[in-house]
Structure formats: C-alpha cells, structure tokens
Amino acid sequence: MSSDKFKNLDLNLLKLFSIVYQQRNLKRSSDLLFISPPAVSQNINKLRHHFEDELFVKTPKGFDATPFADSLYIELSPLLTQLSNAVNNHDEFSPSALEGTITVDMGQQIIPWLSPMMFSEISKCCPNVTFASHNMTTETAAMMKTDQVDIAIQFQFPNTTKDIYELPLGNVNFVAVVREDHPFQKDEATIEELLCYNFATIEMPFFNTFHTSLIEQAVAKRNLEINVVHRSTSAISIREIARNSDLVVPGLENFVKHCGEGLRAIKVTDIDEISTLPLCAYIHKKNRQSKKHMWLYEMIKSLV
C-alpha cells in the first residue's frame, strides 16, 4: 500500500466513519446516512483495509472503537466541521464584510453624477472598501474578464462580446444643456432653433466613432449643419466652458440635476431617436450569479 493514505482515499468514507463512530450502531448509522446497513458495513470494511486497522469491534450492544479509530475521530472531527462550514457558508454575502477595491467604469456622460452617489452608498455599506471609478474605455471589457473592473455603466450599445452580460438600469433623458442666463430662454426647442448657436460635445470613444457624437448623427440625418467648436472627453471641463459661454452642450438631464449648478436643461422636441436613452450595466458572464455583483447592480439601479 502507498505510504500516502490520503491520496487514494474516498472522502465520503470519512463522513461515514464519523457517523458510525458517534452512533456505535449499524441501523442508526444507516438511517442517518440514507443507505442500507449492509452498505454501511461494506464501506467500513473499505476503511478497515485502507487503514489496516479493525476500527470497530462487535459487542453485545453494538460495537466499540479501536484506539486507532479513537485517535482518527479526535483529529478528523474538527476538520469535518470546518469543511461543512466552508461548503454551507461560502456563498453568504454581506456588503459590510467586503474588503479591497470596488472598481466601476462609466461613460463620460455618467461618471460626474453617478460616481459621487455610488461613493456615498458604498461608504455607508462597505467601510473597509475603496471605491474607484474610471471612464469607460475600449479596454473595459478585457478588464472585467480579469476582475480589474467589477461593473461598467453606459448607454446601451450593440455588438457586445458573448462574455459580457447586459443588465438594464432604466432610461435617461437627453437634453440640451446651457448656462442659466443663456440667450435662449425657452424650456423646449427644436434642434433647428438651437443650431444657430455653437456646440460643445462630450466625446465618448467607447460609444461613438471619434468626432461623430449622437447629436451630430441626428443632425446629419436631417441634412442640417451643426458647428461643434469644442470637444472633450471630460464632462467637467465641458461643464465649466458651458457656464461661461453661450455654447450648447448635448447631455443628460441627470447631469444637470446632480452636478449642473449654474446650468439648465432644454428639452429638444424633435430628435426622438436620442431623446431617451436606455442605460445599462455590464458585467462579465462569470459573475452573473455573484451576490456581490448583483448587489452592486441593484444599488446602481436604485440610484439611477
């Protein structure tokens, strides 16, 4: 026999041994194990041959354990308890027990208003966690696969890879953003009314072809012209420029509501194809059943 007695051992036999040791009765042991008494005897014989020890000897009331069985049970019992706890409790989830970093990539139009809200919630729920938020890039999908990014938030987009799973968050309203005392004072406008002003756009390289924003695509379909005089991937820099100029910025109503001090939103009435946009969360498919990721998703959904 090999000197390594663990290598070829059926671990189910150890569970059986523990129950037989405690019960010292074949019938009671078989009831607890849901197998027949002969099957219990056969498995005990397997262990007897494996360990080269009798393990149990018959008595008028049942059977007694050998010294080897006594020492084996003493060492084995706490290990089986630990194993049981590991199997039964490994999937328990409590946000307060999380440690390390939660990383969320977001679209450029989303990060300025959603990131502070998420930080507030995560700080309350996860005192031992660092929250990191980054602009979504073409590397985000690959980083989700290697767990460098937990979840991504962006407008719904086609052509996601098969290993990326999409979760709906709700709709967001697309508006024209201007400074509070902008010359155009109405709350609603057609796109043609706004095209007499210069525009600034927030570039979203992952979502749009570079230098062709959603508003530019919508205007081109109508054979109209739009004069974009400033582009940036930074929504905050665009916000500061809009506060101090007459530029019109296509943006989200959420942005104006949560971090648009000095700005106001104008509803554009005749660009239905982009007036309301579905917002989605994206995770790697391996995390579809992850309680951590589903908790993050539900939290983000409530904030949106």
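The values are calculated or read from the model by the stated rules, or taken from the named source; none is laboratory data. On a predicted model such as this, the values are computed, not experimentally measured, just so you know. As a convention, Cβ positions derive from the backbone with ideal geometry for all residues, glycine included, and neighbour counts pool all protein chains shown. Surface areas here come from the heavy atoms of the whole protein model, side chains and all, with no ligands, DNA or RNA. Shrake-Rupley method; radii C 1.70, N 1.55, O 1.52, S 1.80 Å.
Just for region 276-293: of the residues that are touching a helix residue (DSSP H, G or I) at 6+ places or on another chain (Cβ under 6 Å) and in a helix (DSSP H, G or I), which one is nearest to Tyr165 (Cα to Cα)? It comes out as Asn287.
Using the structure shown, decide if Lys301 is in contact with a strand residue (DSSP E or B) (Cβ under 8 Å, 6 or more places away or on another chain) and part of a strand (DSSP E or B). So Lys301 does not fit the description; no.
Residues that are at negative phi, in a strand (DSSP E or B), of a type in the set (Phe, Trp, Tyr) and open to solvent by less than 30 Å² (accessible area, probe 1.4 Å): does region 164-178 have at least one? Yes, there is a match, as at least one residue in region 164-178 is at negative phi, in a strand (DSSP E or B), of a type in the set (Phe, Trp, Tyr) and open to solvent by less than 30 Å² (accessible area, probe 1.4 Å).
Residues that are without any contact (Cβ under 8 Å) to a residue 24 or more places away in the chain, closer than 30 Å to Asn128 by Cβ and either in a strand (DSSP E or B) or of a type outside the set (Gly, Ala, Ser) (or both) are absent from region 51-69.
Each row is one residue, and each column tells you yes or no for (1) in a helix (DSSP H, G or I); (2) at pLDDT below 90; (3) surrounded by 20 or more Cβ atoms within 10 Å (Cβ to Cβ).
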residue: Asn223; (1), (2), (3): no, no, no
residue: Ser237; (1), (2), (3): yes, no, no
residue: Glu240; (1), (2), (3): yes, no, no
residue: Asp246; (1), (2), (3): no, no, no
residue: Asn254; (1), (2), (3): yes, no, yes
residue: Arg264; (1), (2), (3): no, no, no
residue: Lys267; (1), (2), (3): no, no, no
residue: Ile274; (1), (2), (3): yes, yes, no
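Conditions tested, residue by residue: (1) out of contact with any Leu (no Cβ under 8 Å at 6 or more places or on another chain); (2) closer than 16 Å to Val104 by Cβ; (3) touching a residue at least 60 places away in the same chain (Cβ under 8 Å).
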residue	(1), (2), (3)
Met118	no, yes, yes
Asn128	no, no, no
Phe131	yes, yes, no
Met136	yes, yes, yes
Glu139	yes, yes, no
Thr146	yes, yes, no
Asp150	no, yes, yes
Gln154	no, yes, yes
Tyr165	yes, yes, yes
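Filter region 62-91 for residues that are of a type in the set (S, T, N, Q), modelled with pLDDT under 85 and surrounded by 11 or more Cβ atoms within 10 Å (Cβ to Cβ) and give the result.
Correct list: Thr81, Ser84.
In region 92-134, which residue that is open to solvent by 40 Å² or more (accessible area, probe 1.4 Å) and among the acidic types (Asp, Glu) is farthest from Lys291 (Cα to Cα)? Out of the qualifying residues, it is Glu121.
Taken over region 13-31, the criterion of being under 17 Å from Ser77 (Cα atoms) and either free of Cβ contacts under 8 Å to residues at least 60 places away in the same chain or open to solvent by less than 80 Å² (accessible area, probe 1.4 Å) (or both) is satisfied by Leu13, Leu14, Leu16, Phe17, Ser18, Ile19, Val20, Tyr21, Gln22, Gln23, Arg24, Ser29. The set of residues in region 38-61 being under 17 Å from Arg24 (Cβ atoms) and either small (Gly, Ala, Ser) or loosely packed, with under 11 Cβ neighbours inside 10 Å (or both) consists of Ser41, Val57, Lys58, Thr59, Pro60, Lys61.
Just to be sure before I move on: is Ala235 in contact with a Pro (Cβ under 9 Å, 6 or more places away or on another chain) and under 22 Å from Asp181 (Cα atoms) in the structure I sent? Taking the combined requirement at face value, the residue satisfies it.
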